[in-house]
Structure formats: structure tokens, C-alpha cells
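Since the structure comes first, as C-alpha cells, the remarks are kept for the end.
The values are calculated or read from the model by the stated rules, or taken from the named source; none is laboratory data. Computed from a predicted model, the values in this text were never measured in an experiment. Glycine also receives a Cβ, built like all others from the backbone with ideal geometry; neighbour counts cover every protein chain displayed.
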Amino acid sequence: MNSPEWIIILIGYIMCVLNGAAQSLFAFLLVKIVEAFKYCSTSERRHHVLLTSFLCLLLGVVLFILRLIQYTAFAISGSKLTQRIRSKAFACLLRQEVAYFDRPENSSGAICTRLSTDASAIQEMTGTRLGVLAAEVIHNMRTIKQLSIEKEVLRQYSELIHKLFMHIAASISAAEAFFDLFDRKPTIDNASTEGQELVDFRGEIKFDQVKFIYPTRPTSIILNKLQLNIKPSQHVALVGGSGCGKSTIIQLLERFYDVTSGKILIDGIDIRKLNLQWVRSHFGLVSQEPVLFDLTIAENIAYGLENVSMEDIINAAKRANIHQFIEQLPQNYETKVGLKGSFLSGGEKQRIAIARVLIRRPKVLLLDEATSAMDSHNEQIVQEALEQAQREDPSRTSLIIAHRLSTIRSCDLICVLDRGHIVERGTHIELTQRCGAYYKMLAHDNLQ
């Protein structure tokens, strides 16, 4: 991976050789000084000593320049290698499927360490250590002979070489980890351009006997022969206890994971045969905890889109019921939201996230407990924005996961999940009349 800098590396190694060879010239000049005292007359002695001293000084300047070039060459090549490895590793990480990041060894902390420490460790193999060793060995071999301290210098160099090999071993281990990442083929390639794109997407979704098990939890069946048909423009709600598989259904639709068995059909086409970027561009997700970036409000709303007009951003904000709040800010849409939106309340962040979804005009709207972490005032404001988002496009399909049943009474279909499959389905009135699982949940919700 250092091939683009081969000229710089070659220069560094040439400087190493010249640096080592130049060390012997000091001994030669020292001999000249001794000879001047031994064989020359008093008048000639002064001339020879001054000339030889000047040559020693000149040689010292030359050695300084050689070492400077040597260190600079290896530093440049090492830093370029580190930068290239980090960039390629980050690009490879972006390609990986979500399941890859579920593993403990691929946590955010482990990946940050891999990109910083491991990449720097590889630089040790191409850094200044080998160059210094090449020069110092030649120089100190003469010192060994002159002072007769072979055992002491050998001990020092044994320690140095041991440390060097420890660094090289760490570098090789880091390099192996990076090459494993470079060679890994993700099961769901986020950078893939392959797959079919539907010309007239209607928004029909079908879960056909879907079974799903998380790769990191092979003993837990999350969805078990799930059968669910969602018609175009239909508003469907999913309810059930924690861990019943509601959020997993949305993650499968976003194709963060692939089903273990069964099929998910989008307008009758297996989702695995569709272009991944196309699928995600037509599904708009509003999750429980919105993610905002340390940018302006306008940049957060238009994030990931190109050539978006300010008029479109304002229209999206109006539809998300956040425009009036933004207008009251001193810098309006140019206001920074802070890291993870720290300058805004939960309701304000959620409405900006809704605006970010609406500006993309998704055909399918996915709402994953979008108001569960809010107080009653903010929940009401956000709920109005969500209802407006569902009404503005009559052909838009909506899939809603709700923690409060009062927000889904108007849905066309309500499905009650338990242990990975649907135990009840129907409208609010139909399920209430059955006095089954939904009725019990509704009674419990009313008590709270």
C-alpha cells in the first residue's frame, strides 16, 4: 500500500546507507589528526589540524542533512500509509452490514482504536526505526572495537532489537486485522449498485413466512413464520410487549438485516433482488431517538441530498410543524444544533428529523415509537406533525410502532405481536369487540 511513495522510501534508504558510510570518515579524519601530530612539523601541524577539523565540521553538517532527509522521507511515507489505511478501512466499514457492528469486537470503541492505534502501529514498519538502526549499527560497531565493551553494547542492542521486534509484531498483527477487513465481503453490501429498481413503486409490502434470528443471538427466535400483508396507501400499526419483534420488522424493511428464512416482498419482488440504495431512498424512518449532526438546522434537514433549495427546506419544516420555532431563533435556519442536537429539546429534534424524512418524499413511512421518550406536551406537537405527514400524500404507506394505543385508533389495520408472530389483527373497533390481547393492552393503557 506504500507503492505511491516508493521514490520517497528509496530516498530514505539511500540516506541510511550514506549516513552509515559517512560514519567511517570520522575515524579517517581522526587518523589524519594523529598523523599530523606524529609526522608533521610545528608549522605544518597547525595547518593540517585546522583543515581536518574543518572537514569534521563539514562532515557533521552533511550527516545532519542526510539524517534530516532520512527522517523526513520515512515520516512522509509512514504518514501517507497511515492516512491511506485509515481512509480505506473507513470506506470498508461503511460497506459492512449492520450485523457486523453488533459483534463485541466491532463496537464503536474497538473500531476507533483500530482506525487510530492500529493504523499508527503499521507505520512503525516503515518509519524511522529501521533507518536509525541501519545507521547506528555501523557507527557503534566501531565504538565496540575501540572501547572493548562488546558485551555491554551487545546487551543494549539485544534490548533494542527485542523492542523493535515487539513493535514489528504489533505492526504485523495490526496489518493482518486491516487486510482481513479489506478482504471481507459483507452479506449486505451498502456500496453495491446492483439490483432492480421499480419504476412505479406502489408501496405494497408482504412478509411471507418470515423467520429471523439475530446473528449475535443464535438461540433467540425473534420472528417466527410472520405473515403480514400491507396494501398500498394502507396505515398499519404494530403493537405488543417489549421484545416481540416490532422494531425488528422495520429493520428488515430497511434491510439492515436479511431474513433467516421466508421472504419480504416489495410490490411482489423479493427485497434482496432490489437495489439497496433505491429501497432505502423510498423508506422514510422516524425512530425513537433522532440523530442530528453538529451542523445547522438547514443542513440537518437536507443532509445527504444535493442541490436542495431553501424553499424545499422551509416547506419540509412547515409540514413537520417546526418552522415557527426555527423562525424565532436568532439565526433561523443557520442555527447550529450542537453535537447530537444537544442545543434542542427532544420534541424539537424529533420534528427536525421528521422534516428530514419529509423532504425526501418517501413512499413508505416507518414510525418506530417516535414519541415514546417525550412529555405529553411535546408528544402532542410531534404527533400532529406525524399525522400531517401521513395525510399529505394519500398514496403513502405507513407502518407505525406505537407505545400509546390512543395514537393508532384511526389506522386501517392493527396487528398485535407476541413472541415473533401476529396473534390478533383488525381495526380498533374490531379488536376491541373481541376482548382479546389488544383489549387487555388497551385497558392497561387506560389505567396508566
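Just one residue in the set G304, G346, G338, G262 is among the small types (G, A, S), modelled with pLDDT of 85 or more and in the same structural domain as L223 (by TED's automatic domain parsing); that residue is G262. Within the range 258-281, being closer than 20 Å to T248 by Cβ and part of a loop (DSSP other than H, G, I, E, B) holds for D258, V259, T260.
Of the candidates V236, V199, the single residue that is part of a loop (DSSP other than H, G, I, E, B) and over 30 Å from the mean Cα position of the chain (by Cα) is V199.
Of the numbered criteria (1) without any contact (Cβ under 8 Å) to a residue 60 or more places away in the chain; (2) under 24 Å from the mean Cα position of the chain (by Cα); (3) surrounded by fewer than 21 Cβ atoms within 10 Å (Cβ to Cβ), the one D258 fails is (1). Please specify each residue of the range 264-310 satisfying the condition of being in contact with an Asp or Glu (Cβ under 9 Å, 6 or more places away or on another chain), hydroxyl-bearing (S, T, Y) and more than 19 Å from H323 (Cβ to Cβ). If the condition is that a residue be in contact with an Asp or Glu (Cβ under 9 Å, 6 or more places away or on another chain), hydroxyl-bearing (S, T, Y) and more than 19 Å from H323 (Cβ to Cβ), then S287 is the only one that fits.
Suppose the filter is in a helix (DSSP H, G or I), of a type outside the set (A, V, I, L, M) and modelled with pLDDT of 85 or more; does R255 pass it? I'd like the intermediate steps shown before the answer.
Numbers: in a helix (DSSP H, G or I): no; of a type outside the set (A, V, I, L, M): yes; modelled with pLDDT of 85 or more: yes.
No: the conditions fail for R255.
Here is a check on your reading of the model: is V423 surrounded by fewer than 16 Cβ atoms within 10 Å (Cβ to Cβ), farther than 24 Å from P362 by Cβ and β-branched (V, I, T)? Yes; evaluated as a whole, the condition is true for this residue.
So, in the range 52-110, exactly how many residues are within 30 Å of D183 (Cα to Cα) and in a helix (DSSP H, G or I)? Lay out the reasoning, then the answer.
The first filter runs over the range 52-110 and keeps only residues within 30 Å of D183 (Cα to Cα), leaving 73-110.
Pick out the ones that are also in a helix (DSSP H, G or I) and you get 73-95, 98-102, 104-106, 108-110.
Qualifying residue count, the range 52-110: 34.
(1) touching a residue at least 60 places away in the same chain (Cβ under 8 Å); (2) in a loop (DSSP other than H, G, I, E, B); (3) within 29 Å of the chain's Cα centre (by Cα): which one isn't true of L285, the others all being true? Answer for L285: the failing condition is (2).
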